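Here is the structure we will look at, set down as structure tokens.
The values are calculated or read from the model by the stated rules, or taken from the named source; none is laboratory data. Every value quoted in this text rests on a predicted model; they were computed, and no experiment measured them. Here the Cβ positions follow ideal geometry from the backbone for every residue, glycine too, while neighbour counts run over all protein chains shown.
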Amino acid sequence: MENSVEPRRSRTWLWILIGGSAFFLFVLAVFTLVYLTMHAGQSSSAMTFGDKIGVVDLEGVILDSNLVVQQLKKFADDDSIKAIIIRVNSPGGGVAASEEIYRAVKRIRDEKKKRIVASISTVGASGAYYVSSATNKIYADNGSVVGSIGVISEWVNYGDLLKWAKLKPEVLTVGKFKDTGDPSRDMTPEERAYLQSLIDNMYGQFVQAVADGRHAKVADIKAIADGRVWTGEQALDMHLIDQIADYQGAVDDTAKSVGIKGEPTLVHPEKDRKTVLDLLFGDVSQWLPTKEKILDQQLGFYYLWK
């Protein structure tokens with residue numbers, strides 16, 4: 001009896017071992033396939049020879065400039081990249097972040113002498129237009145939203161809510177303007193004037209930057225810098241853009257302008273590599289606070305169309 005039980009146990013462990021090995025090989029094959037699929041486009045771009053145009057996406061609210069600036073610098077330093085296209089679909093964002101990208105673009109245009117253009121798709125407003133204005137040429141569709149030259153700062157005053165909840169904030173400061181913009185109370189006239197002076201200064205910087213980038217007079221830019229947006233068709237007549245064209249039209253025209261014959265190779269920056277956790281649990285961004293939500297929670301100054 002005992003002799004018959006032992007072979008059964010051996011067979012059971014053998015099947016467990018075979019099944020476990022098969023499952024491991026299956027999982028390994030799936031992850032290998034996903035990895036190769038995600039990196040296939042990058043590898044082909046890296047190994048492609050011939051005339052190339054770098055493409056950098058400027059998308060969504062601009063709150064951090066580091067990634068875009070790094071991508072621009074990489075393409076600017078690459079001699080095989082004959083031109084750079086910034087594909088714009090953004091309502092703008094932070095003042096400092098927009099300015100940093102603007103300066104990176106301007107360095108490529110003026111110092112590197114490499115052609116860099118902007119192709120506006122749906123929206124190229126405020127800080128995104130600020131960046132676009134530093135390029136050699138701006139393309140937009142007839143129905144694109146362009147412009148919104150201005151500055152905005154806003155936050156929620158929840159002082160009445162605290163009073164209703166019988167909560168009293170305690171703040172210790174040194175300097176009468178240190179807690180200017182405290183959302184738990186109303187601003188004093190002095191504080192309001194102080195913040196307005198900052199916004200006025202930033203507005204002047206915006207107008208000057210656009211005038212420099214577009215090789216226009218400050219007075220001409222200031223005359224239309226009242227926060228309004230225009231369609232691409234209107235913006236063309238106002239010399240805020242240079243040509244009506246979709247993205248493919250911008251690619252073709254840019255290739256022609258730098259002497260590329262035929263279809264150019266478009267090179268995109270490498271995307272962030274997915275981790276095993278990303279593959280297992282999928283996209284968790286819906287559970288995380290968005291840039292727009294973060295923006296509404298704090299005092300800040302923005303070149304932003306809302």
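From the list GLY54, GLY41, which one is farther than 30 Å from ARG228 by Cβ, modelled with pLDDT of 95 or more and in contact with a His (Cβ under 9 Å, 6 or more places away or on another chain)? Reasoning before the result, please.
Details: GLY41 fails: modelled with pLDDT of 95 or more.
After ruling out the rest, the residue left standing is GLY54.
None of GLN243, GLN248 is of a type outside the set (A, V, I, L, M, F, W, C), surrounded by fewer than 11 Cβ atoms within 10 Å (Cβ to Cβ) and at negative phi except GLN248.
Applying the selection to the range 122-141, what residues are surrounded by fewer than 24 Cβ atoms within 10 Å (Cβ to Cβ) and either out of contact with any strand residue (DSSP E or B) (no Cβ under 6 Å at 6 or more places or on another chain) or not assigned by TED's automatic domain parsing to the domain that holds ASP237 (or both)?
Step one: list which residues in the range 122-141 are surrounded by fewer than 24 Cβ atoms within 10 Å (Cβ to Cβ), which gives 122-123, 136-137, 141.
Passing the criteria: only ASP141.
The test for being among the aliphatic types (A, V, I, L, M), at pLDDT 65 or above and within 30 Å of ALA255 (Cα to Cα) holds for ALA83. Scoring ILE53 on the criteria (1) β-branched (Val, Ile, Thr); (2) over 21 Å from THR122 (Cβ atoms); (3) assigned to a helix (DSSP H, G or I) leaves a single failure, condition (3).
The rows are residues; the columns are (1) free of Cβ contacts under 8 Å to residues at least 24 places away in the same chain; (2) part of a loop (DSSP other than H, G, I, E, B); (3) of a type in the set (Gly, Ala, Ser); (4) in contact with an Asp or Glu (Cβ under 7 Å, 6 or more places away or on another chain).
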position	(1), (2), (3), (4)
LEU172	yes, yes, no, no
LYS178	yes, yes, no, no
SER184	no, yes, yes, no
GLU190	yes, no, no, no
ILE199	no, no, no, no
ILE224	no, yes, no, no
GLY227	no, yes, yes, no
GLU233	no, no, no, no
HIS239	no, yes, no, no
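The set of residues in the range 241-256 that are free of Cβ contacts under 8 Å to residues at least 24 places away in the same chain and either in a loop (DSSP other than H, G, I, E, B) or of a type in the set (Asp, Glu) (or both) contains only ASP252.
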